[in-house]
Structures are given as structure tokens and as C-alpha cells.
Amino acid sequence: MLNYSNLFSEVTKRTKASVIRELLKLTAKPEIISFAGGLPDPKEFPVEDVKKMFDIILNKYSSAALQYGATEGCASLKTALCKWLKDVEDIDVADNQMLITSASQQALDMVARIFINPGDRIIVATPTYLGALQSFQTAGADIKGADSDDDGVIPESLEKCLEQTKEEGKQCKFVYLVPDFQNPTGVTIPQERRLKILETAKKYNTVIVEDSPYRQVRFEGEAPKTFYNLDKGQGNVITLFTFSKIFVPGFRLGYIIANEEVIRKFVVLKQAMDLCSPSILQLATAEYINGGYLEKHIKRVVEVYRKKRTAMLAALEKYMPEGVKWTRPEGGLFLWVTLPKYLDTEKMFPSAIENNVAYVVGSAFYYDGKTKNDMRLNFSYATPEEIDEGIKRLALAVKKNLK
């Protein structure tokens with residue numbers, strides 16, 4: 001039998017399995033109520049509308065739909081998105097400042113490949129999205145974490161990390177943030193704090209990578225402007241969007257907006273990765289946006305997920321013992337539960353599975369994995385009734401492990 005261990009690259013050796021993907025294997029049993037995945041509710045997928053879109057494009061544009069497309073993305077989708085971003089976010093972006101990707105995870109992988117050499121410093125919020133950590137660790141990044149509170153990453157902590165990086169004779173390649181309904185905590189960075197963070201990044205000549213999968217899934221309150229909007233086209237921000245949470249994840253479509261120079265680099269890299277994202281899916285999505293379907297779908301999803309978020313908050317209040325805290329997100333798909341410091345959610349996980357309920361251990365979202373007393377809960381997938389029963393089961397597991 002051939003020994004592959006000496007053949008694998010250093011990148012392969014640095015690559016770690018996704019904690020969530022591994023957990024989903026454990027939670028596949030039907031009796032388990034899972035709060036582990038970041039899955040949209042499949043009952044809300046616009047199946048009939050998608051069928052209609054495919055009928056339209058296969059009748060009108062069959063040759064283009066079934067052919068290779070431009071690496072940059074189909075022109076019709078980019079045109080639709082430029083208009084949609086202006087209407088919804090008041091963002092002015094030109095065609096050459098956008099690249100269509102195979103969802104935002106490909107965009108994160110591309111960010112890592114374009115900016116990170118092994119040993120390069122980047123800064124993330126603590127905690128942060130584990131899929132991003134996976135990409136950055138695979139690229140060999142030297143990751144440092146800036147502290148967060150209920151309003152997201154703390155500007156003073158970020159500046160301290162940047163100053164320390166400068167004193168070490170290093171350049172921070174970028175600061176990675178999920179500013180809207182953050183994965184995993186569900187918190188949103190207020191606009192005043194965003195301005196401070198942006199000014200700090202400029203001061204230290206680094207870039208903000210703004211990952212915003214959930215921004216349009218807002219239940220209440222007023223949305224702060226995106227970092228991209230606040231930057232006013234100065235080139236200090238790269239923003240990643242996806243259709244996975246506001247349309248359907250199975251299309252695997254997303255897009256990057258950045259200045260023209262950066263987009264050119266992304267385009268060349270994507271040529272080496274997959275040539276182009278699927279033409280048929282891009283054309284269907286363009287038709288969906290242009291027909292006004294996307295806005296209607298987002299409104300429906302927001303209503304459904306708002307009820308589920310409220311059900312989870314009510315269940316936590318009802319069942320969780322004293323000493324347990326959680327965030328109260330104004331949108332998105334997740335909330336963050338913090339247990340007393342002596343508890344370890346990794347060690348508690350078997351107790352939860354015994355009670356037929358699952359979550360994601362919080363340590364997976366810390367770049368150093370050292371904080372053990374948190375967990376991420378998803379509220380978009382389960383029904384309100386399952387949420388109530390699942391939190392009840394989870395509370396029993398917590399109580400079992402309390403001193």
C-alpha cells in the first residue's frame with residue numbers, strides 16, 4: 001500500500017476538517033434536534049419560482065446557460081447586482097469592481113490565497129466564523145484575535161493588536177470581520193464603531209475584509225452602513241456577499257466587491273480554480289432578481305426566522321438555569337450561549353447527544369481554541385416547536401454539568 005504521507009503538500013498537512021461538517025455527521029439521526037448547522041429552512045426554498053426561472057432561461061438563453069461563462073461572472077447577473085446593491089444598500093459599484101464566486105467560502109479561500117504567505121499576520125475578531133479560520137489556517141496565516149463585546153470587535157483591542165504587529169516588524173495583511181449578525185455570536189457592529197475600526201485600519205495601512213452573508217436577514221432595528229459604503233470607494237474594504245442565506249445555498253453563488261486592481265487579482269486566481277461559476281445558475285439568479293422575486297423571498301424568510309429567533313429566546317428564558325447568558329440578535333441565523341467559565345462545551349457535548357440535541361462547541365470559533373465555555377445555536381432550521389423541546393433538552397444537559 002502506497003504511503004501518501006510523504007507526498008502530501010504542506011498546505012494539505014495544515015488543512016483541518018470543518019468542525020461543523022463533522023458534527024453534522026453525528027447529528028444526522030432523526031431523533032436529534034440539531035442547532036448545529038447554519039442551514040436555512042428548506043420549507044422556505046422558492047421551489048416553484050426556481051422552476052419558473054429555469055424554464056425562462058432554457059427557453060430564451062439555452063446556449064449561454066449550458067456553456068462556459070466569463071470568469072468574472074455573467075454580465076446579466078452583475079448588472080442586476082449592481083442595480084440591487086444601489087437600491088438596497090446605496091452602494092455604487094461598477095461591473096469591473098465585482099466578481100461572481102462559488103459562494104462566499106470560495107471567496108474566503110481566494111482572499112487567503114491572494115493575501116497570505118505562510119507566517120503573515122492577520123487579525124480576526126474573537127470569536128469569529130470557523131470557515132474563515134479554516135481557510136486562513138490552511139494558508140499558513142499567523143492569526144491574532146481582537147477582543148469583542150456585545151457590539152462586536154472592540155476598536156481599542158484591534159488597535160492594540162495592530163500596534164503590536166507593527167512593533168514586531170510585521171504588516172497586518174487584513175482584518176477579517178463579520179459585521180452584521182455575526183457568525184457565531186449574532187451581534188452587529190454599530191455604525192459609530194465601524195467608523196472607528198475603519199479609521200484604525202487606515203492608520204495601520206491594512207484592509208478590512210467584510211464578510212456579510214446575513215445582512216439582509218434583519219428582523220428589527222436600523223441597519224448601519226456597510227464598511228464598503230463607509231469607505232466611500234477609497235479601496236480599504238473588500239466585501240463578500242452570498243446568496244446562500246437570502247436565496248438558496250444549493251446554487252453556491254456569491255460575489256466579491258472591491259477596487260478594480262484587487263478584482264483583477266481575484267479573476268486570475270479564479271481562472272486557475274474553476275474557470276467560472278455555473279452559467280445556468282447565474283442566469284437563473286439574474287432572472288430571479290430582475291423579476292422582483294428576491295425581495296419578496298427575503299421578506300418571507302425574515303418573517304419566518306424572526307418567529308424562530310423569538311421562540312429560541314423565549315425557550316432559553318424558560319429553561320436555562322441561572323448563570324447562563326446569551327446574545328439577542330436583531331437578525332441572522334445564530335445566537336451565542338455563554339456558560340459559567342468552569343464548564344467545557346466540548347466535554348458537555350456527549351451529554352447533549354444523549355439528550356438528543358446538538359450544538360456547535362464555541363472553541364471552534366476561537367483562533368487559538370482556548371475558550372471552552374461557549375456554544376453556537378442555530379434557530380433557522382428547526383421548527384418553533386422543535387426549538388422549545390430542543391432548548392429544554394439542552395438545559396437538562398447544562399444542569400447535569402453544573403457544579
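Out of the helices (runs of 4 or more DSSP H) lying entirely within region 33-130, which hold 1 or more residues that are under 30 Å from Ser157 (Cα atoms) and modelled with pLDDT of 95 or more?
On the way: elements: 47-60, 62-65, 75-89, 103-115.
Qualifying helices (runs of 4 or more DSSP H): 75-89, 103-115.
For region 263-300, what are the residues that are open to solvent by 30 Å² or more (accessible area, probe 1.4 Å) and within 26 Å of Phe115 (Cβ to Cβ)?
The answer is Arg264, Lys265, Val268, Leu269, Gln271, Ala272, Met273, Asp274, Leu275.
Sort out which residues of region 232-251 are crowded, with 20+ Cβ neighbours inside 10 Å and in a helix (DSSP H, G or I), and write them in order of number.
Phe251
In region 365-382, what residues are crowded, with 24+ Cβ neighbours inside 10 Å and either farther than 25 Å from Thr310 by Cβ or aliphatic (A, V, I, L, M) (or both)?
Met375, Leu377
So, of the residues in region 111-153 that are more than 17 Å from Pro213 (Cα to Cα) and of a type in the set (Phe, Trp, Tyr), which turns out to be farthest from the chain's Cα centre (by Cα)?
Across region 111-153, the extreme among qualifying residues is Phe115.
Restricting to region 254-292, and then to whatever is touching a strand residue (DSSP E or B) at 6+ places or on another chain (Cβ under 7 Å) and either part of a loop (DSSP other than H, G, I, E, B) or among the hydrophobic types (A, V, I, L, M, F, W, C) (or both), can you tell me which residue is nearest to Lys173 (Cα to Cα)?
Val262
Tell me whether region 134-157 contains one or more residues that are of a type in the set (A, V, I, L, M), in a helix (DSSP H, G or I) and open to solvent by less than 10 Å² (accessible area, probe 1.4 Å).
Step one: list which residues in region 134-157 are of a type in the set (A, V, I, L, M), which gives 139, 141, 143, 146, 153-154.
If we keep only those that are in a helix (DSSP H, G or I) too, we end up with none.
No, region 134-157 contains no residue that is of a type in the set (A, V, I, L, M), in a helix (DSSP H, G or I) and open to solvent by less than 10 Å² (accessible area, probe 1.4 Å).
Please determine whether any residue of region 301-318 is in the same structural domain as Glu31 (by the TED database), open to solvent by 20 Å² or more (accessible area, probe 1.4 Å), assigned to a loop (DSSP other than H, G, I, E, B) and over 28 Å from Thr242 (Cα atoms). Reasoning before the result, please.
Restricting attention to region 301-318, the residues satisfying the condition of being in the same structural domain as Glu31 (by the TED database) are 301-318.
This time we only want the ones that are open to solvent by 20 Å² or more (accessible area, probe 1.4 Å), so: 303-304, 306-307, 310-311, 313-314, 317-318.
Then keep just the ones that are assigned to a loop (DSSP other than H, G, I, E, B); that gives none.
No.
If Gly186 meets every condition in (1) assigned to a loop (DSSP other than H, G, I, E, B); (2) open to solvent by less than 40 Å² (accessible area, probe 1.4 Å); (3) out of contact with any Phe, Trp or Tyr (no Cβ under 8 Å at 6 or more places or on another chain) apart from one, which number is that one?
Failing condition for Gly186: (3).
Looking only at region 383-400, decide whether some residue is buried (at least 19 other Cβ atoms within 10 Å of the Cβ) and of a type in the set (Ser, Thr, Tyr).
Within region 383-400, not a single residue is buried (at least 19 other Cβ atoms within 10 Å of the Cβ) and of a type in the set (Ser, Thr, Tyr).
The values are calculated or read from the model by the stated rules, or taken from the named source; none is laboratory data. This is a predicted model, so every value here is computed, not measured. Backbone-built Cβ (ideal geometry, glycine too); neighbour counts: all protein chains shown. Heavy atoms of the whole protein, side chains included, go into the accessibility calculation; ligands, DNA and RNA do not. Shrake-Rupley method; radii C 1.70, N 1.55, O 1.52, S 1.80 Å.
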